[in-house]
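Q: Sending over a structure as structure tokens; questions will come in a sec.
Just so it is clear, none of the values below were taken in a lab; they were calculated from the coordinates. Bear in mind the structure is a predicted one, so any value in this text is a computation, not a measurement. As a convention, Cβ positions derive from the backbone with ideal geometry for all residues, glycine included, and neighbour counts pool all protein chains shown.
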Amino acid sequence: MPARRCAALGAAVALVAGPVVLAAPAQATGGTGGTGVTTGKGKASAVVLRTGLDVSLLNKSVNVPLRAALNEVRAPADADKTALTVELDGVDQGRPFTVLRADVATARATVDDRKAEGYANIAHAKVHVPGLPLLSLIEVQEVTSKAVCEAGKKPVAESNLLGTVTVLGKKVTLSAAGPTRVEVPGVGEVTLDLSKTRTTSRTAAATALELKVAVNPLKLNVADVQGTLTLAEATCEAPAEAVKQTEPEPEKEGVEPQTATEPTTENLAETGGSSMTPYLAAGAVLLLAIGGGALVLVRARDRG
């Protein structure tokens, strides 16, 4: 009789434990979500005149670099200059030497969160170099350069030359197709490039005139001038566009596979209850029912 009781109880336990597949409670992992914005400031610059000349005096016994800039400005902060002359010391027997004189000479550079702009303008200007105190290297009526770089748009660079241009006393006609060379016997030569512009996806640059100078009056080596000279230059770099930075949203790990007959455990996971609770309760009820039935059956047989 004890053997029959043990067999009945073993069968009940097998029926309860057999179909049960327990799943771990669902858990959420991952970082918290959020957004941020990054931006970059733009840049701009402008200059009315820039010289990169080397001056040799008295048969090259004295070398003086002529590095001058008139109204050179840079931004991010707004900047504006309107000086009309630029002078160089030490090349004219100790007296100041006027390299440029103009009626109008403006350079401006501005930058804000959306746009960067450089602008240079010069009008009625004369440029001189040592050794030619009475003859202008170049005279211009008006030249303008502008560079505009706006976030998210194609940069723009443009230069304009208005009126006549005189080089070493000669009126010249400049061509955008290539350099123009002007030679004056006994004085020297000048090569001019007109309206040079370039752009990239975020930058722009414009130069109204660029001169390559080689001057040695009468080849006396009193003042041998070599180098370059730039008139009306403007550049810009667009501010970086606003870029949203989004952190990954929280991700939830999936629940382990369950049999088709299992109840869902989502509510239990949300409220903090254990997913084993319904199975343990069902198992306990079934175990009591089968155990009680087996006990009644055994007692009936004993009485018979």
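Q: First select every other residue whose beta carbon is under 12 angstrom from the beta carbon of S45; then total the charges, Lys and Arg +1, Asp and Glu -1.
A: +1
Q: Go through 186-195, 110-119, 168-177, 155-164 and give me the packing order, highest mean Cβ count within 10 Å leading.
A: Taking the mean over residues of other Cβ atoms within 10 Å, the ranking is 110-119, 186-195, 155-164, 168-177.
Q: Among the listed pairs K146/K171; K115/K170; K43/K170; K41/K196; K41/K126, give every one whose C-alpha distance is greater than 31 Å.
A: Details: K146/K171 26 Å; K115/K170 41 Å; K43/K170 38 Å; K41/K196 26 Å; K41/K126 36 Å.
In this structure, K115/K170; K43/K170; K41/K126 exceed 31 Å between Cα atoms.
Q: In addition: Which is farthest toward the positive dipole end of region 96-150 among A107, F97, Y119, measuring Cα position about the Cα centre, with Cβ charges +1 (Lys, Arg) and -1 (Asp, Glu)?
A: F97
Q: Could you tell me which residue out of G186, V215, S175 lies farthest along the dipole of region 129-215 toward its positive end? Charges go on the beta carbon: Lys and Arg +1, Asp and Glu -1, centred on the Cα centre.
A: So the residue we want is S175.
Q: Here is a follow-up. Each label point is 7 Å from the Cα along the Cα-to-Cβ direction; what then is the distance between the points at E183 and T166, in nm?
A: So the two model labels end up 2.4 nm from each other.
Q: D103 versus T199, label points 7 Å from Cα toward the beta carbon: distance in nm?
A: Here the answer is 3.2 nm between the modelled labels.
Q: Taking the Cα-to-Cβ direction at A240 and at T191 and moving 7 Å from each Cα, how far apart do the two end points lie in nm?
A: Computed distance between label sites A240 and T191 equals 4.0 nm.
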